[in-house]
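**Q** Could you have a look at this structure, given as structure tokens, before my questions?
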Amino acid sequence: MEPKLREEAFNPTSGPPVWWSKLFGQVQAGSIFLSPQWMQTWLDIYGMDFSGRSLSWWQNDICIAGVILLFRPAKLGPFPIRLAILNTAAEIDENAPFIEYNDVLCQPGYEEFILDSLASYLAQQSWDQLYLAGYTESSLIARLQTRALPGEWRLIDKKSPYIDLKSLGNDSLDRYFSSNTRTQIRRSIKLYEERGSLRIDVAQNLDESLKYLDALADLHRAAWTRRGQPGGFRSPRFIHFHKALIQRLLPERAVELLRVSAGDQTVGYIYNFLLDGKVYFYQSGFAYEADPKIKPGLVTHYLAVQNYWERGFIEYDFMAGDARYKRSLAKSTRTLYWSWVERSNFRMILIKIARKAKHFLRRQSHTEASNQADT
């Protein structure tokens, strides 16, 4: 008997659908970003921006798959559009949570049926652009590309470096890194130890975790301000989200905030999620200095990796985004994708024409300016 789709009106401010928590535990989705704690917190803080529907598939009164379809008004340039989103992403606040490892919750053996059913449902809905955020090539979301979804796909990819801690066995952690990286770490550690003992501390309770988060946010903002960019932790709503999330995840031991210090001086803070023996690095704040030989990011992550390796964790995932210390520390990478499906309806055709016209006029203006300069 084929599973039956239940389409239900969904009020985002009321939290996840009643079936979400149990289904998440059954499918072992492996994503903190789909956990009931993340979903509940995200909907509490950002749900007011959205309308939604919950889609679930049932067989013999058992929920075997589910996803949340959200809608909100958006703009492409000056043009208003209706944006559709699977699960959580596309917040109106530009400084907002970043979702990775997104997917449709689905029990094994039903993937092909669910993909066909979901693609058919999405094709019948009224949207101008469908946004699919932070998924891997093995996800069901990635396989939607093989289905008959109406529209043109735009896709970007980001490398996500990680360290396979399980493969290290009982070998020395230092042997995992290149000789150049080992040299930089040892030199930087030696310089720090001239100031006092180098140590790593894990926040032990909620109060300490929130203090670490505040200190991390200060360092994070300061570093990005020096680069002339806003960085994260500039939105009160974003900060409120993470404080509420930490409060929910801490009893589950699914979050840790770490501080590395040299004597009384802070080297850096790290904010990590923990799930199924894996560490997901989410955010950091480092005390950068003028001396290029002092590398707070490299040292802080090195000590964090060592801490988790010694505790028996199997992977340290730096998640998407490029940074020198990530490239130096991680040998393995996976790819995450973000896609936009733009429908070929009347509104989107007009927007494409307007885009082409704007591009043509800019090119003409540039050509005329160049010709005038030549004369």
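The values are calculated or read from the model by the stated rules, or taken from the named source; none is laboratory data. All of these numbers come straight from a predicted model, not from anything done at the bench. Here the Cβ positions follow ideal geometry from the backbone for every residue, glycine too, while neighbour counts run over all protein chains shown. Areas reflect the complete protein model, heavy atoms only, side chains present, ligands, DNA and RNA absent. Shrake-Rupley method; radii C 1.70, N 1.55, O 1.52, S 1.80 Å.
**Q** If I filter the stretch 8-29 for residues that are within 20 Å of Leu144 (Cα to Cα), in contact with an Asp or Glu (Cβ under 8 Å, 6 or more places away or on another chain) and open to solvent by less than 50 Å² (accessible area, probe 1.4 Å), do I get at least one hit?
**A** Yes: one or more hits.
**Q** Something else: Which pairs turn up if I take residues in the stretch 309-328 that are touching a residue at least 24 places away in the same chain (Cβ under 8 Å) and closer than 15 Å to Asn272 by Cα and look for partners that are open to solvent by less than 20 Å² (accessible area, probe 1.4 Å) and among the acidic types (Asp, Glu) with beta carbon separation below 8 Å, at least 6 apart in sequence or on another chain?
**A** Met319/Glu100; Ala320/Glu100
**Q** Okay, next question. Filter the stretch 30-53 for residues that are crowded, with 20+ Cβ neighbours inside 10 Å and in contact (Cβ under 8 Å) with a residue 60 or more places away in the chain and give the result.
**A** Within the stretch 30-53, Ser31, Ile32, Phe33, Leu34, Ser35, Gln37, Trp38, Thr41, Trp42, Ile45, Tyr46 meet the criteria.
**Q** Name the one entry in Ile185, Ile200 that is β-branched (Val, Ile, Thr), touching a residue at least 12 places away in the same chain (Cβ under 8 Å), farther than 30 Å from Arg347 by Cα and open to solvent by less than 30 Å² (accessible area, probe 1.4 Å).
**A** After ruling out the rest, the residue left standing is Ile185.
**Q** Applying the selection to the stretch 2-27, what residues are farther than 24 Å from Phe241 by Cα and not in a helix (DSSP H, G or I)?
**A** Once the filter is applied, which keeps residues that are farther than 24 Å from Phe241 by Cα and not in a helix (DSSP H, G or I), the stretch 2-27 yields Glu2, Pro3, Lys4, Leu5, Arg6, Glu7, Glu8, Ala9.
Results for (1) open to solvent by less than 30 Å² (accessible area, probe 1.4 Å); (2) assigned to a helix (DSSP H, G or I); (3) of a type outside the set (Gly, Ala, Ser), shown as yes or no for each residue.
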site: His240; (1), (2), (3): no, yes, yes
site: Lys243; (1), (2), (3): no, yes, yes
site: Ile246; (1), (2), (3): yes, yes, yes
site: Leu250; (1), (2), (3): no, yes, yes
site: Leu257; (1), (2), (3): yes, no, yes
site: Ser261; (1), (2), (3): yes, no, no
site: Val267; (1), (2), (3): yes, no, yes
site: Tyr280; (1), (2), (3): yes, no, yes
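**Q** Next question, about the same structure. For the stretch 137-144, does any single residue satisfy the condition of being farther than 26 Å from Pro97 by Cα, among the acidic types (Asp, Glu) and out of contact with any Gly (no Cβ under 7 Å at 6 or more places or on another chain)?
**A** Checked the stretch 137-144: no residue is farther than 26 Å from Pro97 by Cα, among the acidic types (Asp, Glu) and out of contact with any Gly (no Cβ under 7 Å at 6 or more places or on another chain).
The rows are residues; the columns are (1) not hydrophobic (A, V, I, L, M, F, W, C); (2) not in a loop (DSSP other than H, G, I, E, B).
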| residue | (1), (2) |
| --- | --- |
| Ala90 | no, no |
| Pro97 | yes, no |
| Asp103 | yes, no |
| Pro108 | yes, no |
| Leu115 | no, yes |
| Ser120 | yes, yes |
| Ala123 | no, yes |
| Leu130 | no, yes |
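**Q** Which residues, counting only those in the stretch 227-246, are of a type in the set (D, E, K, R) and free of Cβ contacts under 8 Å to residues at least 12 places away in the same chain?
**A** Passing the criteria: only Arg227.
**Q** Could you please tell me which pairs satisfy a Cβ distance under 9 Å, a separation of 6+ or placement on different chains, a first residue in the stretch 343-361 that is closer than 13 Å to Leu76 by Cα, and a second residue that is part of a helix (DSSP H, G or I) and open to solvent by 100 Å² or more (accessible area, probe 1.4 Å)?
**A** Short answer, once both residue conditions are applied: none.
**Q** Please work out which residue is most open to solvent (accessible area, probe 1.4 Å), limiting yourself to the stretch 322-364 and to residues that are under 23 Å from Leu173 (Cβ atoms), of a type outside the set (D, E, K, R) and out of contact with any Phe, Trp or Tyr (no Cβ under 8 Å at 6 or more places or on another chain).
**A** Once the filter is applied, the top-ranked residue is Tyr325.
**Q** Out of the residues in the stretch 70-98 meeting the condition of being of a type in the set (Gly, Ala, Ser) and touching a residue at least 60 places away in the same chain (Cβ under 8 Å), tell me which one is surrounded by the fewest Cβ atoms within 10 Å (Cβ to Cβ).
**A** Gly77
**Q** Then there's this: Step by step: first the residues of the stretch 341-372, then only those that are out of contact with any helix residue (DSSP H, G or I) (no Cβ under 6 Å at 6 or more places or on another chain) and either at positive phi or not in a helix (DSSP H, G or I) (or both), then the one that is modelled with the highest pLDDT. Which residue is that?
**A** Once the filter is applied, the top-ranked residue is Val341.
**Q** Exactly one condition in (1) assigned to a helix (DSSP H, G or I); (2) surrounded by 22 or more Cβ atoms within 10 Å (Cβ to Cβ) is not met by Ser56; state its number.
**A** (1)
**Q** Identify the residue in the stretch 155-171 that is more than 19 Å from Phe98 (Cα to Cα) and touching a strand residue (DSSP E or B) at 6+ places or on another chain (Cβ under 8 Å) and, among all such residues, is most open to solvent (accessible area, probe 1.4 Å).
**A** Lys166
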